[in-house]
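Below: the structure, in structure tokens.
The values are calculated or read from the model by the stated rules, or taken from the named source; none is laboratory data. No experiment lies behind these values; they were computed from the predicted model shown. Every residue, glycine as well, gets a Cβ built from its backbone with ideal geometry; the counts of neighbours run over all protein chains shown.
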Ligand SMILES: [Zn+2]
């Protein structure tokens, strides 16, 4: 299951509709992509290389691999557990408390299952916010699983300790993340980052310590941003930077969004979880206006499917509905099209899940576009048998594509899925890993959830 590849291995994708997401290259109606080793060597028409393995992509749409910037992969086996959850207390009581029951094998198997499912769904890259590091062995187990699946991963080491012991000594986490970062380096598929302890559960002094540690080690960071005012507080403390991805950010006001934009930063918006949580839904429109490079995440599989196409679709619908609501409130109804209104089209949203997401995980120069010298993470979508949507091919990608339409997945120049089938990973094994976790954790937990009325 290793994802290592020979540096001179060549792949030639022929005849696709290529959405390069690169402003200089634009779209190619019938385009080819030559991959050498782990990078794209050329994008154009009529490319020939006698040494390359050819992928016939006629009739397909090529896009950069999707990147999820806020995912709790360890919750993959908990699918459905919070589907109809309503309050934050319910989430704590039904989902989050289970972290204390996750053993080392559970973290491994959950991560394996989630990562395989993501790759199958065209999610070639992930910022895995692992706020379930209850021992060094838990962290090592998660990393072992990520190495085995070969998904491009920024694994964010969770600094949040046990919820029952606020005075817990966090220093072992800082020592351990340093050791892992030094051991893993920065050039491979797997990189180590940091998931800061949440501000509402921690002190600014502790957060400052974590940020200082991460910056010293050159690590990307992420943080749950839920209560109002946290972006401003971080900025005031001189800690905000483009190396921190705030997740959710619903309650960020316009001034806070401008602070993020000025620093060239991103936010990660998780549409399905925001919908269900009763949070403010205007942040993406306001962030877009402010020039923030928004990106998208699934957040918790305990609530929503591992499907970034779905997240993109909902984002497009949501942003339009906010625009339409604002227009109606301003007395412009029936709707009229005006400059800047509606704000986004599907192509913008695809940009969120590719170009902007790459930037959010610290790979903005190397990933997120199909262009020469970019890392070769590519997804081919097959619109057959029902046919491609008319108009902009980005419309088909964002509004009509499902994970089952993902024909081919390439990560770092290695084919991971082809003709709709995983090449070196096993869906059955992902399901078995999920079942193993469920058997173990619910044997130890207070009760086995029945899935009714949760
Ligand atoms: Zn989250």
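Looking at the stretch 1-36 only, could you name the residues that are at pLDDT 95 or above, part of a loop (DSSP other than H, G, I, E, B) and touching a strand residue (DSSP E or B) at 6+ places or on another chain (Cβ under 7 Å)?
20, 21, 25
Which of the residues that make up the stretch 348-362 are assigned to a loop (DSSP other than H, G, I, E, B) and surrounded by fewer than 21 Cβ atoms within 10 Å (Cβ to Cβ)?
Across the stretch 348-362, there are no qualifying residues.
Given the options 44, 26, 80, name the one that is over 26 Å from residue 354 (Cα atoms), out of contact with any helix residue (DSSP H, G or I) (no Cβ under 8 Å at 6 or more places or on another chain) and exposed (fewer than 15 other Cβ atoms within 10 Å of the Cβ).
Exactly one residue qualifies, and that residue is 80.
Helices (runs of 4 or more DSSP H) wholly in the stretch 190-300 with at least 3 residues that are at pLDDT 95 or above - which ones?
204-216, 230-236, 254-262, 283-290
Out of 147, 173, which single residue is closer than 19 Å to residue 212 by Cα, touching a residue at least 24 places away in the same chain (Cβ under 8 Å) and assigned to a helix (DSSP H, G or I)?
Criteria check complete, one pass: 173.
Being out of contact with any strand residue (DSSP E or B) (no Cβ under 7 Å at 6 or more places or on another chain), more than 21 Å from residue 362 (Cβ to Cβ) and within 16 Å of the ligand (Cβ to nearest atom), is that true of even one residue in the stretch 231-244?
Within the stretch 231-244, none of the residues are out of contact with any strand residue (DSSP E or B) (no Cβ under 7 Å at 6 or more places or on another chain), more than 21 Å from residue 362 (Cβ to Cβ) and within 16 Å of the ligand (Cβ to nearest atom).
Which of the residues belonging to the stretch 92-140 are away from the ligand (no atom under 16 Å from the Cβ), assigned to a helix (DSSP H, G or I) and touching a strand residue (DSSP E or B) at 6+ places or on another chain (Cβ under 9 Å)?
The answer is 107, 115, 116, 117, 119, 120, 138, 139.
Keeping to the stretch 278-300, report how many residues are in contact (Cβ under 8 Å) with a residue 60 or more places away in the chain and within 15 Å of the ligand (Cβ to nearest atom).
Residues in the stretch 278-300 being in contact (Cβ under 8 Å) with a residue 60 or more places away in the chain and within 15 Å of the ligand (Cβ to nearest atom): 6 in total.
Filter the stretch 218-230 for residues that are farther than 15 Å from residue 159 by Cα and within 16 Å of the ligand (Cβ to nearest atom); which is surrounded by the most Cβ atoms within 10 Å (Cβ to Cβ)?
Ranking the qualifying residues of the stretch 218-230, first place goes to 230.
Considering (1) in contact (Cβ under 8 Å) with a residue 60 or more places away in the chain; (2) more than 16 Å from the ligand (Cβ to nearest atom); (3) assigned to a strand (DSSP E or B), say which one residue 154 fails and leave the rest.
Residue 154 satisfies every listed condition except (2).
Every residue in the stretch 301-337 that is assigned to a loop (DSSP other than H, G, I, E, B), in contact with a strand residue (DSSP E or B) (Cβ under 9 Å, 6 or more places away or on another chain) and within 16 Å of the ligand (Cβ to nearest atom), please.
301, 306
Go through the stretch 306-347 residue by residue and tally those that are within 25 Å of residue 79 (Cβ to Cβ) and either outside the structural domain of residue 267 (by TED's automatic domain parsing) or surrounded by fewer than 18 Cβ atoms within 10 Å (Cβ to Cβ) (or both).
Residues in the stretch 306-347 being within 25 Å of residue 79 (Cβ to Cβ) and either outside the structural domain of residue 267 (by TED's automatic domain parsing) or surrounded by fewer than 18 Cβ atoms within 10 Å (Cβ to Cβ) (or both): 1 in total.
Filter the stretch 397-434 down to the residues that are assigned to a helix (DSSP H, G or I) and without any contact (Cβ under 8 Å) to a residue 24 or more places away in the chain, then identify the one that is farthest from residue 310 (Cα to Cα).
Top of the filtered list is 432.
Filter the stretch 203-217 down to the residues that are closer than 16 Å to residue 230 by Cα and surrounded by fewer than 19 Cβ atoms within 10 Å (Cβ to Cβ) and list them by number.
Scanning the stretch 203-217 gives 203, 204, 205, 206, 208.
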